[in-house]
Amino acid sequence: MAQPPLLSVRNLCVRFDTPRGIVEAVRGIDFDVGRERLGIVGESGSGKSVTGRATLRLLPASATVTADRLALGDLDLLGADAAALRSVRGRRVSMIMQDPKFSLNPVMTVGRQIAEAYRMHHRVGRSEARRRALDMLADVRIRDPEHVYDLYPHEVSGGMGQRVMIAMMLIPEPDLLIADEPTSALDVTVSMQVLAILDDLVTRRGMGLLFISHDLNLVASFCDRVLVMYGGQIMETLPASALHQATHPYTRGLLAALPTIDTAGRDLPVLTRDPAWLATRR
Amino acid sequence: MISVRHLDVSFGNVRAVSDVSFTVAAGDIFGLVGESGCGKSTLLRVLSGLNPHWTGSIEIAGRAIGPMRDKAFYRQVQMVFQDPFGSLHPRHTVDRTLAEPIAIHGLDNAEARIARALDDVGLGPRFRFRYPHQLSGGQRQRVAIARALILEPSILLLDEPTSALDVSIQAEVLNLLARLRTARDLTLILVSHNLAVVAHLCNRLAVMQGGAIVEEMTVDALRHGEPSHPYSRELLRASLGYHRAAGTS
């Protein structure tokens, strides 16, 4: 990569202090995100979501985050105080969560939430913020922005709710967008539309995108590069177009376990986990 | 084995299922695919007797059945639900969960039946006295399958049985279902939003949209030719991953 990365992570570790002892969710991972679509795939418990949240320092107090380097451009995220982090969240890095139902404020119209996100980071008046929010709603292909602006979250469908979230997250014009399973609560046809919107906006604005998903086919077809995580570690990094030619046994096992039309009538190969995958720590 | 004619289900003014007809032969694995709200789960709940408010006619094994079902019906038809975290009683051990259907139906030999059911789903005796919270998602779904099979039904209704599971666990559960179907000569109806899962396990499928069946075909036909209905084509394309054209249409 010619440009310096937007986000640079070296030896990131996340531990949770639980009543049953310490759980190591992320164990020493390295990666950079540039102005590209980087996918993180893995099964539940692989540490992919924790990695996304650790980047924004959005983990609960029971988590300990350590890293040799966790930097957004030239800002050290680990050393940053609460005020510095507040100016980063939303403005420079924002995050789209899985389910819009639980991530939007239920007692505020969606338009006001988007306008608020804009005013948080830009010194503008109400009417200017409203105009911006309406433009943004149109950008995420909502047909009648004026009407949708005044709706409450329970009045919009899942797909529209996710588009509202994307609008809210993109209106402060961040450099990096973290999307944690942004489409897994949506129906397939709706999720294709949401992905196309994300795709357009990322390409047009030259943002970086960290796309967290458990769906290998989706990541292979949507992203530029893919990290495969297992047990809190990165098993391999490869170009998304080469995911189906992956060499690591874990990635191969996951791909083989996917049912398709062509596997009908046969048993699916079951993944056998090899402890040696986790033993090769630096 | 199962024959449904002109089935209608309404919730207030919403028509969840409208004029649906299909038949499933003995030994078939029939898939119902569609997105949320298309009526596929409602249809399954009608078949299983969980929703008594419907009109039309349903025949199972040549016998017409009404909204209320008797015990004999449940010996013949059992159901596995989507979420293994919600469908098992959190304060009942696996043993108690499996003993309940046996007690309700007054069957003998409870001991041997429970041991065999656990064996059949690949769990073994050491899981017998555990609580659901001590099991992983895949293990819980196996318990749910064991509970459904313990009455030795001939029809198993599956409502998204793997969509809460990781792909590697999903593969194990799909293999288990395929094996049990052959071993016990079951007739299965599988409801799923995932066309790949349905195409893998089933031999015939119906695509539902807006409460109606828009297309019915064999999996062979799906593999060899394009489905004819545009909505089925869209589902098929979406099952292969992100596609620019699919998103902009």
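The values are calculated or read from the model by the stated rules, or taken from the named source; none is laboratory data. As the structure is a prediction and not an experimental result, all values here were calculated from the model. Methodologically, a virtual Cβ is constructed for each residue, glycine included, from the backbone with ideal geometry; neighbour enumeration extends over all protein chains shown.
Filtering A:LEU186, A:LEU198 for residues that are within 13 Å of chain B (Cβ to nearest Cβ), in a helix (DSSP H, G or I), within 16 Å of the chain's Cα centre (by Cα) and crowded, with 22+ Cβ neighbours inside 10 Å leaves a single hit, A:LEU198.
From the list A:SER221, A:SER213, the one residue that fits, being surrounded by fewer than 21 Cβ atoms within 10 Å (Cβ to Cβ), within 14 Å of chain B (Cβ to nearest Cβ) and under 19 Å from the mean Cα position of the chain (by Cα), is A:SER221. Within the range A:150-164, being closer than 22 Å to A:ARG130 by Cβ and assigned to a helix (DSSP H, G or I) holds for A:PRO153, A:HIS154, A:GLU155, A:MET160, A:GLY161, A:GLN162, A:ARG163, A:VAL164. Remark: A:VAL88 matches the filter, which requires a residue to be surrounded by 18 or more Cβ atoms within 10 Å (Cβ to Cβ), over 26 Å from A:LEU278 (Cα atoms) and outside the structural domain of A:VAL140 (by TED's automatic domain parsing).
Quick one: in the range B:199-217, of everything that is in contact (Cβ under 8 Å) with a residue 24 or more places away in the chain and among the charged types (D, E, K, R), which residue is farthest from the other protein chains (Cβ to nearest Cβ)?
If we take residues in the range B:199-217 being in contact (Cβ under 8 Å) with a residue 24 or more places away in the chain and among the charged types (D, E, K, R), then B:GLU216 is farthest from the other protein chains (Cβ to nearest Cβ).
Candidates B:SER3, B:SER18: the one that is of a type in the set (Ser, Thr, Tyr) and within 18 Å of B:LEU157 (Cα to Cα) is B:SER3. The residues on offer are A:ARG20, A:ARG10, A:ARG35, and the sole one that is basic (Lys, Arg) and either over 20 Å from the mean Cα position of the chain (by Cα) or crowded, with 20+ Cβ neighbours inside 10 Å (or both) is A:ARG20.
Taking the listed residues A:MET165, A:MET235, A:MET192, the one that is in contact with a Phe, Trp or Tyr (Cβ under 6 Å, 6 or more places away or on another chain) and of a type in the set (A, V, I, L, M, F, W, C) is A:MET235, with no other qualifying. Kindly provide the set of residues from the range A:79-101 that are under 22 Å from A:VAL194 (Cα atoms) and either in contact with a Phe, Trp or Tyr (Cβ under 8 Å, 6 or more places away or on another chain) or among the hydrophobic types (A, V, I, L, M, F, W, C) (or both), ordered by number. Listed by number, the residues that qualify are A:VAL93, A:MET95, A:ILE96, A:MET97.
Evaluating B:LEU156 against the criteria (1) touching a Phe, Trp or Tyr at 6+ places or on another chain (Cβ under 9 Å); (2) part of a strand (DSSP E or B); (3) over 21 Å from B:VAL207 (Cβ atoms) leaves one unmet condition, (1). The criterion of at least 2 residues that are under 17 Å from A:ASN11 (Cα atoms) and either more than 14 Å from the chain's Cα centre (by Cα) or β-branched (Val, Ile, Thr) (or both) is met, among strands (runs of 3 or more DSSP E) falling completely within the range A:40-122, by A:63-66, A:69-72. When the range A:1-39 is filtered for residues that are in a strand (DSSP E or B) and among the small types (Gly, Ala, Ser), the ones remaining, listed by number, are A:SER8, A:GLY21, A:ALA25, A:GLY28, A:GLY39. Within the range B:13-28, none of the residues are surrounded by 19 or more Cβ atoms within 10 Å (Cβ to Cβ), of a type in the set (Phe, Trp, Tyr) and part of a strand (DSSP E or B). When the range A:224-249 is filtered for residues that are more than 13 Å from chain B (Cβ to nearest Cβ) and free of Cβ contacts under 8 Å to residues at least 40 places away in the same chain, the ones remaining, listed by number, are A:GLU236, A:LEU238, A:PRO239, A:ALA242, A:GLN245, A:ALA246, A:THR247, A:HIS248. One residue stands out in the range B:167-198 among those that are at the interface with chain A (Cβ under 7 Å from one of its Cβ atoms) and either touching a Phe, Trp or Tyr at 6+ places or on another chain (Cβ under 8 Å) or without any contact (Cβ under 8 Å) to a residue 12 or more places away in the chain (or both): the one that is farthest from B:LEU123 (Cα to Cα), namely B:VAL167.
Number of residues in the range B:42-81 that are closer than 21 Å to B:ALA146 by Cα and not aliphatic (A, V, I, L, M): the value is 10.
Can you name every residue in the range A:250-282 that is more than 9 Å from chain B (Cβ to nearest Cβ), assigned to a helix (DSSP H, G or I) and either touching a strand residue (DSSP E or B) at 6+ places or on another chain (Cβ under 9 Å) or among the charged types (D, E, K, R) (or both)? Once the filter is applied, which keeps residues that are more than 9 Å from chain B (Cβ to nearest Cβ), assigned to a helix (DSSP H, G or I) and either touching a strand residue (DSSP E or B) at 6+ places or on another chain (Cβ under 9 Å) or among the charged types (D, E, K, R) (or both), the range A:250-282 yields A:TYR250, A:THR251, A:ARG252, A:TRP277, A:LEU278. Look at the range A:253-275: where a residue is more than 20 Å from B:SER239 (Cβ to Cβ) and a partner is assigned to a loop (DSSP other than H, G, I, E, B), sitting 6+ places away or on another chain with Cβ atoms under 6 Å, you get A:GLY253/A:LEU271. Being within 9 Å of chain A (Cβ to nearest Cβ), surrounded by fewer than 23 Cβ atoms within 10 Å (Cβ to Cβ) and either free of Cβ contacts under 8 Å to residues at least 24 places away in the same chain or over 30 Å from A:GLY231 (Cα atoms) (or both) is a property that holds for B:GLY241.
Of the helices (runs of 4 or more DSSP H) entirely within the range B:43-128, those holding at least 2 residues that are within 18 Å of B:LEU186 (Cα to Cα) occupy B:71-76, B:110-120.
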